[in-house]
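A.B. asks: First, the structure itself, so that you have it in front of you.
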Amino acid sequence: MTAATGRLRPTDARADDATDLDRGTSRAVRRRSLHLLGQLLRPRAGALAGAGALVVISTLAQVSGPLLVQAAIDTALPALREGDPTRLVVVGGIYVLAAVLGGLCAGAYVRAAARVAQSVLLELRRRVFRHTQRLSLEFHESYTSGRVISRQTSDLEALRELFDGGLTGVVSSLMLMVFTAGALFYVDWRSGLVLLVALVPAWLLTRWFQRRSQQSYREQRTASARLIVKFVETMTGMRAVQAFRREATDDAEYGRLGEQYRDANLRIFGVNGRYQPGLVLIGNLTVAAALAYGGWRVVEGTLDVGALVAVLLYVKRFFQPIQQLGMFYNALQSAVAALEKVSGLLAEEPTVVEPSDPTPLPSPRGEIRLQDVTFGYGDGPVVLPRLDLTIPAGQTVALVGSTGAGKSTLAKLVTRFYDASAGRVLLDGVDVRDVSGTDLRRAVVMVTQEAYLFSGSVRENIALGRPDATDAEVEAAARAVGVHEFVTSLPEGYDTDVNKRGGRVSSGQRQLLSFARAFLADPAVLVLDEATSSLDIPGERLVQRGLQTLLADRTAIIIAHRLSTVDIADRVLVLEHGRVLEDGAPADLVAAGGRYAAMQAAWRDSVA
Amino acid sequence: MPPTARADRPDSPSVPAGSDLSTLASLRRLLPTVRPALPRLVAGLVAALGASLAALAIPRVLQVLVEGPLAAGAAAGDPAALLWPTLAVLALGLLEAGLILLRRTLVMYPGTRVEAALRTTLFRHLLQLPASFHDRWAGGQLLSRSMTDLGLLRRWLVFGLLQLVVSTITVVVGIAVLVATAGWLGLVYLVGAVPVVVIAYRFSRRYRVIARTSQDQSGDLANTVEESVHGIRVLKAFGRGGDALESFTGQAEQLRRTEIRKAGNQATVTTALHLIPEATLAVCLVLGVWSAAEGQLTVGALAAFFLTAAVINGPVVDLGMTLSMTLNARTAVDRFFEVVETANPLTDPAEPRELGTVRGEVTLRDVTFRHEADEPPVLDGVDLDLPAGTTTALVGLTGSGKSTLAMLLPRLHDVTTGSVRLDGVDVRDLRRHDLRRAVAVAFEEPTLFSTTVRENVLLGVDDSLPAPERERLLHSSLDVARAGFVHDLPQGVDTRIGEEGLSLSGGQRQRLALARAIAARPRVLVLDDPLSALDVTTEEAVTRGLREVLAGTTSLVIAHRPSTVALADRVAVLSDGRISAVGTHRELLARDPHYRYVVASLEEDWVAHEHETDLTQEAR
């Protein structure tokens, strides 16, 4: 495969927050959003048409009511007076039938519409979720979790409102308008022309509304995302907020963002609050115009008074559903603005790309080779300049060196959290970029310092290493890293809920649990990135023993500040500014009296 | 399976808060917030009624005007007769549009203001609630309350409430008119309203439950989303994105089913609200025509009856929609109050003692701490003195309660029994703000915010301090924490660091958190294993700097390693929930086997039997 040159950069939060887009961008963004909407709706065209048909039937049934009343009074009543009740029975029967049919179809429509809406939402939820999981860490680091959460919650809400509120009215409204216009043309085509003229200002008003509301809805989405980001971050960091007395500041900041959101909502209400009465006004002015024009013709004697009444009633009725149409259009604007954000997230390309034609890696041995690897974060300085390194299968390598020496970077390249800017990282001779994600994760597992626990039981958290593991295997893994006793001391043992962010589990215990995860995953290559830092010495002693079993027949890269952990390594690499300064067995390096020897000495002093 | 969010909410009784209230009583709790907006809402309601009336009146007026004066004028060939009917219709039309504009303008402020006020109230309350609450409540549930639920409420206030009132008034007045003008035929129509009311009532009861389920499930879904983002490293490291997606899909599918069930209920009521009134009208039609044939009713009266009935049926159908909107809003209000009415167990005292100049003497007396009343105590009779200006290391096995003990000092947790005193004053007698100004913490897991390095470090520094002084604090504390790496960042101390500082290494984050605690210049400093992620060389440098800073500051340092212990004047050993020994590192090494076991280096492999006994101890 090709070496990634000119790597893609993820969109950062600032670009994502922009609302004042230039014409071209605005168009492109809107097109992307509508395209997504189309993609979602197209496969459901049949269901949508069905729902539409139900609305048509129920509307027809509703409209038939007044006609039946008319028929009853005009024909059934005289017939009854003649002594013939059949007509009345027939009309009454049809009316009951229409009521039942109309009611059933209206109800069925609600069900059908919900089914379409919910299936669209489910698909979109899944798509966004899957896509965020696929996106690289680089993206997540700049986009912030709050923003991802806002995309997946409040932005999707807006789409749901489109289905909930707007869609119901639109079909029946349009139908009524078309029918009414048809009837009007039939009665008096000249007055029909007045109606057509009235559509011009209505169209202009709608254009105005579209432009203004588009901008406002964008602002609303951005404001809502900011509010969510602030909320999520404050809740996540609540301990620090309280300990450093930031309550008032955060309150003020949140209040300010809340005001921005309120302002955006107010602007939307403002625009919409002028659009809707504007449509009504145009309708009413048209009625007045039709009255003046028709009245003049009545005076002229070219129009019948009765026809004028009918004309005016039709004109008025034509504009009655226009408010509902306006509401639908408003909901559409809101949904499209939200979809702009969602589709933006979906358009984000992972900087770490899955190979299109992966090389299978059925039984990885775990040999790692870095060839001429160069790496820098983003546009930042080069962290690893042209590194060459081979780690034979089964070897345990410890990386030591000061912060910023490139240890974690090397680990992230081997696990393919990032791709090298130049050069190649090979696993068993295969470029990691040519290995499928599934194969790579099966072969290479990393345990980091953040031992994140998900809500759920201890068992589920350990089983994250291998979801199909049996209970016995989970326990065996826990035993191997020495956390079994702790787990059984919990109120419900392995079934104990770890609560939010592992509230009740100390960080040392959490690290042990993530070791158990790794043990269960049983990869060919294990990377431990500062994974023992929170352990106390007895804990470390336990892990040490477990580690020896854990690392026995696999390749391991250990990054640790505790040189005691390093002692079990076959080989030590001392890194400095991305270069290997020393390379050898721990004992040899100590004997050689270089950098590592000095570190060892300092370490011994520190633990004495 | 990875993220499976808890379906049940923490400490929620089987009946959610407020669910025993009637919908009206539940919504009435909003009254204090809504009161200032009430005049506008009422005026908006009047405008809405006016607009509905105008809309109803226009067709009638048209008919009357055209058939009366206009026809007469036309017959007389007088074009001037056109003028005033046209003007009248124009005026009515302007009035209708004007009233709609007025209604919308009147209502939009209260709606958004109430929403914003409630949102701030919720946030403010959450800021006050202690760590114990936040440990139990997942973020997604809180977020969905703050955004989705309050959004629902806003829409209800702006549209639903008015529509509900207008529809109800229209229906009631319409039926009254029918009964008054059409006599028994009106009563027949009224009889038809009985099943509608019954069905609507039963619908409300069922729908409420489903609405609650749906909103709770969407909160859980938000939890899962949150965890999937916060735990993305773990999911990626183990390649578990697919499993996460699967379990997310399961939850989303559950929500979908609930929503479909909700729609099913709504469909039933929609059917009833369409079918029953129309069927009643069919019956009325047959009866009406029959009685007209009998001569009991004029044809005009019959036509008028149906015109009025047609006006009522529209709002009846709308009632289904507005009713569910109202119930959704009610559920939102319940969920909101569930959090806001959670009493804060950790409040400022009614009559706080003033902290003068703090000497910094801390005493813990007979302190016990339990997370929940029915759980075994984490701390069980801790007595500990931290003399002013001294540094004490707290040593104990992982899970022994060291961090919990540390959280008691700035009162992030409250003791269950016993007391924590600062200069002899119980910390519960102080304002939290005053206390926390005196006591700063560097947490074991550094919590950084997605803002600049500067703001992260100066988090605990008063904003009122002059800029040069703040700047000096920033640089000196970064210096002590050996966080010089920040100057290599693209914009130095003004570089925005990623959320939770995730783009930094563990050691870098820890040093920033340490700098933050130092910059706050507290009288009492709590450092929770502050050097765990540092390499030996850095640790040594930081230790040297820290010793200078700690001189004169009362400090409690949680330590796992002898090198950290070396910062302290004395060491306290925490085991089995109490302080088992206090002394210098040397003394304790000599006389305390547990201490030796906890901090002694790995090479000196302590005797195996001791190891075993301590293991069980750890397990306890």
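The values are calculated or read from the model by the stated rules, or taken from the named source; none is laboratory data. Small disclaimer: the values here were computed from a predicted structure and weren't measured. Here Cβ is always computed from backbone atoms with ideal geometry, including for glycine, and neighbour counts include all displayed protein chains. Note: accessible area is taken over every heavy atom of the protein model, side chains too, but ligands, DNA and RNA are not part of it. Shrake-Rupley method; radii C 1.70, N 1.55, O 1.52, S 1.80 Å.
A.B. asks: Would you please name the residue that is most open to solvent (accessible area, probe 1.4 Å), looking only at residues in region B:205-244 that are under 18 Å from the mean Cα position of the chain (by Cα) and among the β-branched types (Val, Ile, Thr)?
C.D. replies: The selected residue is B:THR213.
A.B. asks: Go through region B:70-85 residue by residue and tally those that are surrounded by fewer than 22 Cβ atoms within 10 Å (Cβ to Cβ) and part of a helix (DSSP H, G or I).
C.D. replies: The total comes to 10.
A.B. asks: Right, here's the next one. Being within 12 Å of chain A (Cβ to nearest Cβ), aliphatic (A, V, I, L, M) and in contact with an Asp or Glu (Cβ under 9 Å, 6 or more places away or on another chain) narrows it down to one residue among B:ALA519, B:ALA442; which is it? If you could, list the steps in order and put the result at the bottom.
C.D. replies: On the way: B:ALA519 fails: in contact with an Asp or Glu (Cβ under 9 Å, 6 or more places away or on another chain).
Selected residue: B:ALA442, the only one of B:ALA519, B:ALA442 that is within 12 Å of chain A (Cβ to nearest Cβ), aliphatic (A, V, I, L, M) and in contact with an Asp or Glu (Cβ under 9 Å, 6 or more places away or on another chain).
A.B. asks: In region B:245-268, what residues are within 24 Å of the chain's Cα centre (by Cα), facing another protein chain (nearest Cβ under 7 Å) and in contact (Cβ under 8 Å) with a residue 24 or more places away in the chain?
C.D. replies: Scanning region B:245-268 gives B:PHE248, B:ALA252, B:GLU259.
A.B. asks: While we're on this one: Is there a residue being closer than 19 Å to B:LEU101 by Cβ, aliphatic (A, V, I, L, M), within 9 Å of chain B (Cβ to nearest Cβ) and within 43 Å of the chain's Cα centre (by Cα) anywhere in region A:287-297? Give the steps one after another, and end with the answer.
C.D. replies: In the first step, residues of region A:287-297 are kept if they are closer than 19 Å to B:LEU101 by Cβ; the result is A:287-288.
Those still in the list that are aliphatic (A, V, I, L, M) too: A:287-288.
Narrowing the set further to residues that are within 9 Å of chain B (Cβ to nearest Cβ) leaves A:287-288.
Filter once more, so that each one left must be within 43 Å of the chain's Cα centre (by Cα): none.
No - not one qualifying residue is present in region A:287-297.
A.B. asks: Being at pLDDT 80 or above and surrounded by fewer than 16 Cβ atoms within 10 Å (Cβ to Cβ) narrows it down to one of B:ALA559, B:ALA581, B:ALA590, so name that one.
C.D. replies: Answer to the selection: B:ALA590.
A.B. asks: Looking at region A:205-216, which of its residues are within 14 Å of chain B (Cβ to nearest Cβ) and open to solvent by 10 Å² or more (accessible area, probe 1.4 Å)?
C.D. replies: Of everything in region A:205-216, just one residue is within 14 Å of chain B (Cβ to nearest Cβ) and open to solvent by 10 Å² or more (accessible area, probe 1.4 Å), namely A:LEU205.
A.B. asks: Of the conditions (1) within 7 Å of another protein chain (Cβ to nearest Cβ); (2) assigned to a helix (DSSP H, G or I), A:VAL311 satisfies every one except a single condition; which number is it?
C.D. replies: The single condition A:VAL311 does not satisfy is (1).
A.B. asks: Using beta carbons and a limit of 6 Å, which pairs, at least six apart or on different chains, have the first residue in region B:416-432 and on the phi > 0 side of the Ramachandran plot and the second one crowded, with 22+ Cβ neighbours inside 10 Å?
C.D. replies: Every condition considered, the pairs that remain are B:GLY418/B:VAL367.
A.B. asks: OK, next. Regarding B:VAL358, is this residue touching a residue at least 40 places away in the same chain (Cβ under 8 Å), in a strand (DSSP E or B) and of a type in the set (A, V, I, L, M, F, W, C)?
C.D. replies: It is false that B:VAL358 is touching a residue at least 40 places away in the same chain (Cβ under 8 Å), in a strand (DSSP E or B) and of a type in the set (A, V, I, L, M, F, W, C).
A.B. asks: Of the residues in region A:397-416, how many are over 22 Å from B:GLU539 (Cβ atoms) and open to solvent by 10 Å² or more (accessible area, probe 1.4 Å)?
C.D. replies: Residues meeting the conditions: 2.
A.B. asks: Something else: Just to be sure before I move on: is B:GLY295 outside any helix (DSSP H, G or I), open to solvent by 40 Å² or more (accessible area, probe 1.4 Å), over 15 Å from B:TYR189 (Cβ atoms) and without any contact (Cβ under 8 Å) to a residue 24 or more places away in the chain in the structure I sent?
C.D. replies: Yes: the conditions hold for B:GLY295.
A.B. asks: Now for a separate question. Only residues that are under 20 Å from A:VAL498 (Cβ atoms) and either open to solvent by 10 Å² or more (accessible area, probe 1.4 Å) or within 7 Å of chain A (Cβ to nearest Cβ) (or both): list them for region B:104-136, please.
C.D. replies: Matches in region B:104-136: B:ALA131, B:SER132, B:HIS134, B:ASP135, B:ARG136.
A.B. asks: Could you tell me which numbered condition A:LEU37 fails, if it satisfies all but one of (1) open to solvent by less than 60 Å² (accessible area, probe 1.4 Å); (2) modelled with pLDDT under 70; (3) within 25 Å of the chain's Cα centre (by Cα); (4) of a type in the set (A, V, I, L, M)?
C.D. replies: (2)
A.B. asks: I need the full set of residues from region A:236-248 which are within 7 Å of another protein chain (Cβ to nearest Cβ), part of a helix (DSSP H, G or I), open to solvent by 10 Å² or more (accessible area, probe 1.4 Å) and out of contact with any Ser or Thr (no Cβ under 9 Å at 6 or more places or on another chain), in order please.
C.D. replies: A:GLU247 - this is the single residue of region A:236-248 that is within 7 Å of another protein chain (Cβ to nearest Cβ), part of a helix (DSSP H, G or I), open to solvent by 10 Å² or more (accessible area, probe 1.4 Å) and out of contact with any Ser or Thr (no Cβ under 9 Å at 6 or more places or on another chain).
A.B. asks: Can I ask one more? Only one of (1) open to solvent by less than 10 Å² (accessible area, probe 1.4 Å); (2) in a helix (DSSP H, G or I); (3) more than 7 Å from chain B (Cβ to nearest Cβ) is not met by A:PRO538, so which one is it?
C.D. replies: (3)
A.B. asks: Which residue pairs have Cβ atoms under 8 Å apart, sit 6 or more places apart or on different chains, and have a first residue in region A:353-379 that is assigned to a strand (DSSP E or B) and a second that is among the polar types (S, T, N, Q)?
C.D. replies: What qualifies is A:ILE368/A:THR390; A:ILE368/A:THR555; A:ARG369/A:THR390; A:LEU370/A:THR390; A:THR374/A:SER421; A:PHE375/A:THR409; A:PHE375/A:SER421; A:GLY376/A:SER421.
A.B. asks: Also, quick follow-up: Considering only region A:440-518, give the helices (runs of 4 or more DSSP H) lying wholly within it that have at least 3 residues that are open to solvent by 10 Å² or more (accessible area, probe 1.4 Å) and in contact (Cβ under 8 Å) with a residue 60 or more places away in the chain.
C.D. replies: Working: elements: A:458-463, A:471-480, A:484-489.
Once the helices (runs of 4 or more DSSP H) in region A:440-518 are filtered for at least 3 residues that are open to solvent by 10 Å² or more (accessible area, probe 1.4 Å) and in contact (Cβ under 8 Å) with a residue 60 or more places away in the chain, nothing remains.
A.B. asks: Looking at this structure, is A:GLY65 at negative phi, facing another protein chain (nearest Cβ under 7 Å), crowded, with 21+ Cβ neighbours inside 10 Å and at pLDDT 90 or above? Let's see the steps before the verdict.
C.D. replies: Numbers: at negative phi: yes; facing another protein chain (nearest Cβ under 7 Å): yes; crowded, with 21+ Cβ neighbours inside 10 Å: yes; at pLDDT 90 or above: no.
No; evaluated as a whole, the condition is false for this residue.
A.B. asks: In addition: Would region B:89-98 turn up any residue that is within 16 Å of A:ARG297 (Cβ to Cβ) and more than 8 Å from chain A (Cβ to nearest Cβ)?
C.D. replies: No.
A.B. asks: Which condition does B:GLU539 not pass, out of (1) in a loop (DSSP other than H, G, I, E, B); (2) of a type in the set (D, E, K, R); (3) closer than 24 Å to B:TYR597 by Cβ, if it passes all the others?
C.D. replies: Single failed check for B:GLU539: (1).
A.B. asks: Could I ask something else about it? Among the residues that make up region B:327-338, is at least one of them within 12 Å of another protein chain (Cβ to nearest Cβ), more than 16 Å from B:VAL171 (Cα to Cα) and in contact (Cβ under 8 Å) with a residue 24 or more places away in the chain?
C.D. replies: Scanning region B:327-338 turns up at least one residue that is within 12 Å of another protein chain (Cβ to nearest Cβ), more than 16 Å from B:VAL171 (Cα to Cα) and in contact (Cβ under 8 Å) with a residue 24 or more places away in the chain.
A.B. asks: Only one of B:VAL172, B:VAL166 is in contact (Cβ under 8 Å) with a residue 24 or more places away in the chain and surrounded by fewer than 22 Cβ atoms within 10 Å (Cβ to Cβ); which?
C.D. replies: Just a single option satisfies the conditions, and that option is B:VAL166.
A.B. asks: Is it fair to say B:SER464 is at the interface with another protein chain (Cβ under 10 Å from one of its Cβ atoms) and open to solvent by 10 Å² or more (accessible area, probe 1.4 Å)?
C.D. replies: Criteria not met by B:SER464.
A.B. asks: Residues of region A:78-98 being more than 20 Å from B:GLU278 (Cα to Cα) and either in contact (Cβ under 8 Å) with a residue 12 or more places away in the chain or open to solvent by less than 20 Å² (accessible area, probe 1.4 Å) (or both), which ones? Don't jump to the end; show me each part of the working.
C.D. replies: Looking only at region A:78-98, we keep the residues that are more than 20 Å from B:GLU278 (Cα to Cα), and these are A:78-86.
Selection gives A:ALA79 alone.
Residue-by-condition table, conditions (1) modelled with pLDDT under 80; (2) among the charged types (D, E, K, R):
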residue: A:ALA516; (1), (2): no, no
residue: A:PRO538; (1), (2): yes, no
residue: A:ARG554; (1), (2): no, yes
residue: A:ILE559; (1), (2): no, no
residue: A:GLY578; (1), (2): no, no
residue: A:LEU581; (1), (2): no, no
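A.B. asks: Across region B:570-587, what is the total count of residues that are more than 14 Å from every other protein chain (Cβ to nearest Cβ) and either basic (Lys, Arg) or not in a strand (DSSP E or B) (or both)?
C.D. replies: 4
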